[in-house]
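What follows is one structure encoded as structure tokens, with my remarks underneath.
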Amino acid sequence: MPDLGLEVLFKGKNMVRILGGLGVALQISLISVCISIPLGILLGALMTWRNPVTKAILRLYLEIIRIMPQMVLLFLVYFGTTRAFGWDLSGEASAIIVFTLWGTAEMSDLVRGALISIPVHQYESSAALGFTKAQTYLYIIIPQTIRRLIPLSINLITRMIKTTSLILMIGVVEVLKVAQQIIEANRMASPNAAFGVYLTVLVLYFIACWPISMLAKYLEKRWR
Amino acid sequence: MAESLLTIEHLTKRFGDALIFDDLSLTVRQGEVVVVVGPSGCGKSTLLRCINALEPIQGGTIRLEGETVEHKGKNLPELRQKIGMVFQSYELFPHLTVLDNILLAPMKVQKRGKEDVKKEALEWLERVGLKEKANSYPRQLSGGQKQRVAIVRALCMHPEILLFDEVTAALDPEMVREVLDVMLDLARQGRTMIIVTHEMQFARAVADRVIFIDDGKILEEATPDEFFEAPKTERAKKFLNMFEFHREAKQDDRK
């Protein structure tokens, strides 16, 4: 077996540090998810309104966020705001802002998609049964929307967790950054450490995301 | 004859510039089964959708037991409880079991007790041969089974009148019968029904009165025997001939 340099992980506090890095990544994604989901639901519902102005504004927001690479957004918020407005945002705060903006946009599109995928006939058949509009939403439309939405939004969460690997570029010390630091520090002693350490990072991301993916798969099957 | 239950007077309906109904009037009496036929696109389904105000109308009045059915009217939810509608595409609620599909509206809209409605629902399900499916989900049922559930769901609201909108049009041929049998059974019980269908033999068997619509008007209104044996208008003759032609053409194909 080739030398993967795995022993560096057990030097000093390296293992704790790398787990701490994962913690930072998870914390940032968790906070962003918690803000983006309710905001996304709100905006997604607004997107199904007929008002052309609301529609246009939301569409513009969604497209801009989607077209921009997350990295550009991160730079824009972290460096750009300092230049333009003199804000001194920390890397973590910038990351949370960007991930919330992105998560809200993606979530709103999922909500919009789920809402318009409910056939018109579902509204009509419940109206024909004498349900009021509010009752129709409460008993028929929202339960069906949630069933469609949960697997999709769980996938969004895993995407957000994975994308946090970009925030090392704005100086946040998350798992990938810690990994790089460990590799750098041991360059002389274990020149092969890169492979083993990055492999560990991969495993950590996997451990964080896999159960979430499985949950999505399970819910999708159950509600099909 | 019994008193009139549903009265449509001078109905005008437009989709944009297209005139669907022009001054259409129709009265349906208590216990009567009216079958509506006509070429596709003549507005048969639209007529049913106007009756329970799923479509706004541009003129005329529709009254059920003297009360005006109005699109966006205040009493619409109450009125719609008296109008049971069964759609071509069943439109069961996919997230609920068969039983819950049936119970939801009586419990939430009419605030009836669960046990009371459940008993009634199970009796009906047994009658249409679906008692063992009570806890299945709609996706586990065949088209014919779904449509029978949809009929039971409408019935458990105790409607005054039932509207059937081409309920067998989406079904495989071997499933058509099981649905039509349920409807024949309902007709025998003396329920008031308006049926839009392309099943001419069934129309003849079930109808008290046949209405032929074309060009936004009722062109013919007759007993089923009169209509199918001796249609008065050229249009109706042509329409009925089309069915004959199809049948002969198929026999030729087989040779």
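The values are calculated or read from the model by the stated rules, or taken from the named source; none is laboratory data. Just so it is clear, the structure is predicted and the values come from calculations on it, not from any experiment. Backbone-built Cβ (ideal geometry, glycine too); neighbour counts: all protein chains shown.
Things worth noting here:
Here's the yes/no breakdown for (1) within 13 Å of another protein chain (Cβ to nearest Cβ); (2) farther than 30 Å from A:Glu63 by Cβ; (3) assigned to a helix (DSSP H, G or I):
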| residue | (1), (2), (3) |
| --- | --- |
| A:Ala114 | yes, no, yes |
| A:Phe131 | yes, yes, no |
| A:Leu149 | yes, no, yes |
| A:Ser165 | no, no, yes |
| A:Arg187 | no, yes, no |
| A:Ser213 | no, no, yes |
| A:Arg222 | yes, yes, yes |
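- Verdict on B:Met200 being away from chain A (no Cβ under 14 Å), crowded, with 16+ Cβ neighbours inside 10 Å and farther than 20 Å from B:Val128 by Cβ: yes
- Residues within the range B:80-104 that are more than 30 Å from B:Arg139 (Cβ to Cβ) and facing chain A (nearest Cβ under 8 Å), tallied: 0
- Residues (of a type in the set (D, E, K, R) and surrounded by fewer than 17 Cβ atoms within 10 Å (Cβ to Cβ)) located in the range B:64-93: B:Glu65, B:Glu67, B:Glu70, B:Lys72, B:Lys74, B:Glu78
- Helices (runs of 4 or more DSSP H) lying entirely in the range A:1-92 (those with 3 or more residues that are touching a residue at least 60 places away in the same chain (Cβ under 8 Å)): A:14-47, A:70-75
- Residue within the range B:112-128 that is farther than 18 Å from A:Ile142 by Cα, within 14 Å of another protein chain (Cβ to nearest Cβ) and part of a loop (DSSP other than H, G, I, E, B) present: yes
- Candidates A:Leu39, A:Leu43, A:Leu60, A:Leu26: the one that is surrounded by fewer than 15 Cβ atoms within 10 Å (Cβ to Cβ) and either modelled with pLDDT of 90 or more or under 30 Å from B:Leu96 (Cα atoms) (or both) is A:Leu60.
- Test: residue in the range B:234-246 that is of a type in the set (Asp, Glu), closer than 22 Å to B:Leu5 by Cα and surrounded by fewer than 21 Cβ atoms within 10 Å (Cβ to Cβ): no
Residues checked against (1) modelled with pLDDT under 90; (2) in contact with a Cys (Cβ under 9 Å, 6 or more places away or on another chain):
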site	(1), (2)
B:Lys13	no, yes
B:Val34	no, no
B:Pro39	yes, no
B:Thr46	no, no
B:Ala53	no, no
B:Gln58	no, no
B:Gly66	yes, no
B:Arg80	no, no
B:Val86	no, no
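- Residue in the range A:59-70 that is under 30 Å from A:Gly196 (Cα atoms) and acidic (Asp, Glu) present: no
- One residue alone among B:Thr61, B:Thr46, B:Thr27 is farther than 30 Å from B:Lys118 by Cβ, within 14 Å of chain A (Cβ to nearest Cβ) and polar (S, T, N, Q), and that residue is B:Thr46.
- Residue count for the range B:72-108, restricted to those that are touching a residue at least 60 places away in the same chain (Cβ under 8 Å) and either touching a strand residue (DSSP E or B) at 6+ places or on another chain (Cβ under 6 Å) or of a type outside the set (Ser, Thr, Tyr) (or both): 9
- Selected residue [more than 14 Å from chain B (Cβ to nearest Cβ), of a type outside the set (Lys, Arg) and surrounded by 21 or more Cβ atoms within 10 Å (Cβ to Cβ)] from A:Asp88, A:Asp109: A:Asp109
- Any pair with Cβ under 8 angstrom, 6 or more apart, that starts in the range A:122-149 at a residue that is closer than 21 Å to B:Leu162 by Cβ and touching a residue at least 60 places away in the same chain (Cβ under 8 Å) and ends at one that is among the acidic types (Asp, Glu) and surrounded by fewer than 17 Cβ atoms within 10 Å (Cβ to Cβ): none
- Which numbered condition B:Leu96 misses (of (1) among the hydrophobic types (A, V, I, L, M, F, W, C); (2) in a loop (DSSP other than H, G, I, E, B); (3) crowded, with 21+ Cβ neighbours inside 10 Å): (3)
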